[in-house]
1. Please find, among A6, A34, A10, the residue that is open to solvent by less than 40 Å² (accessible area, probe 1.4 Å) and either outside any helix (DSSP H, G or I) or among the charged types (D, E, K, R) (or both).
2. Pairs, please: C-beta under 9 Å, at least 6 apart or cross-chain, first residue free of Cβ contacts under 8 Å to residues at least 40 places away in the same chain and in region 34-50, second open to solvent by 20 Å² or more (accessible area, probe 1.4 Å) and among the acidic types (D, E)?
3. Looking only at region 81-98, decide whether some residue is assigned to a helix (DSSP H, G or I), open to solvent by less than 70 Å² (accessible area, probe 1.4 Å), among the small types (G, A, S) and under 19 Å from A50 (Cβ atoms).
4. Return the residues of region 38-50 that are modelled with pLDDT of 90 or more and either among the aromatic types (F, W, Y) or part of a helix (DSSP H, G or I) (or both); say none if nothing qualifies.
5. Quick one: F138 ticks every box in (1) of a type outside the set (G, A, S); (2) over 30 Å from L47 (Cβ atoms); (3) open to solvent by less than 40 Å² (accessible area, probe 1.4 Å) bar one, so which box is it?
6. Quick one: L110 ticks every box in (1) surrounded by 20 or more Cβ atoms within 10 Å (Cβ to Cβ); (2) among the aliphatic types (A, V, I, L, M); (3) closer than 20 Å to F46 by Cβ; (4) touching a residue at least 24 places away in the same chain (Cβ under 8 Å) bar one, so which box is it?
7. State which residue is least open to solvent (accessible area, probe 1.4 Å) when the search covers only region 51-72 and only residues that are part of a helix (DSSP H, G or I) and free of Cβ contacts under 8 Å to residues at least 12 places away in the same chain.
8. For region 145-162, name all the residues that are over 30 Å from S204 (Cβ atoms) and open to solvent by less than 40 Å² (accessible area, probe 1.4 Å).
Amino acid sequence: MDQAEASARAEQLLGYSFQNPQLLVTSLTHSSVANSRVESNERLEFLGDAVLGMVVCEELYRRFDDWLEGDLTKVKSVVVSRRICAEIADEIGLTDLLILGNGVGTKSALPTSLRAAVFEAVVGAMFVDGGLDPAKCFILATMSSHLDRSAASQTHDNFKSALQQYAQQRLSATPHYEPLDEQGPDHSKCFEICVVIGGERFPSAWGPSKKEAEQEAAKRALETLRDRDRSQARS
């Protein structure tokens, strides 16, 4: 596939028409085939990485207004990782459009770093060509599902942390976990635990381990407190 064919196909995949088509060609050009590294996609990759990080940070900040910096950072680091960028480049077909020199290898066996780089370089090219809006639209359209999964995983793993932050900031109290019951044989026990905050007991939860029961109990307590906040805000 020559440069013109690669560019036309890339614009179809991106849903964006470049005012300066050469930017798109550069974003697809690996240093192995460029006349110099300055003419490869490395500079656009550098810029695209920064734009990507900013857009993802803004989206996380907007979506999760009660998360602290540490939790936001954990999700952001997963979403903008080379692994995820490479997966997206594969998913949307960008990897197949890379313009490579001889000896780099087949496109089906390219290292993660090269596949991630073309995604970031295309983001950089869109930003230079059309400003933040088209780059942002492209990032969110291709990354939303990955962001959702990472955020869900982070939330699931941190209900206790989130509840502690909430309780200390809003109620000036610390959650305590009270064992209520356990059932089953020693090799397959289930545990019932509830959260107590400032003398108030919240709905209990069962789990196959004390840790999982505590997480589920923390989730239920958070849901109760947030529902209460929303009701008070409406009244």
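The values are calculated or read from the model by the stated rules, or taken from the named source; none is laboratory data. Note that the structure is a prediction, hence the values are computed from the model and not measured. With ideal geometry, Cβ positions are generated from the backbone for all residues, glycine too; neighbour counts draw on all protein chains shown. Note: accessible area is taken over every heavy atom of the protein model, side chains too, but ligands, DNA and RNA are not part of it. Shrake-Rupley method; radii C 1.70, N 1.55, O 1.52, S 1.80 Å.
1. A34
2. A34/E42
3. Yes: region 81-98 contains one or more residues that are assigned to a helix (DSSP H, G or I), open to solvent by less than 70 Å² (accessible area, probe 1.4 Å), among the small types (G, A, S) and under 19 Å from A50 (Cβ atoms).
4. The answer is E42, R43, L44, E45, F46, L47, G48, D49, A50.
5. It fails just one condition, (2).
6. Here L110 clears every test but (4).
7. Among those residues, the one meeting the criterion is G70.
8. Of everything in region 145-162, those that are over 30 Å from S204 (Cβ atoms) and open to solvent by less than 40 Å² (accessible area, probe 1.4 Å) turn out to be H146, L147.
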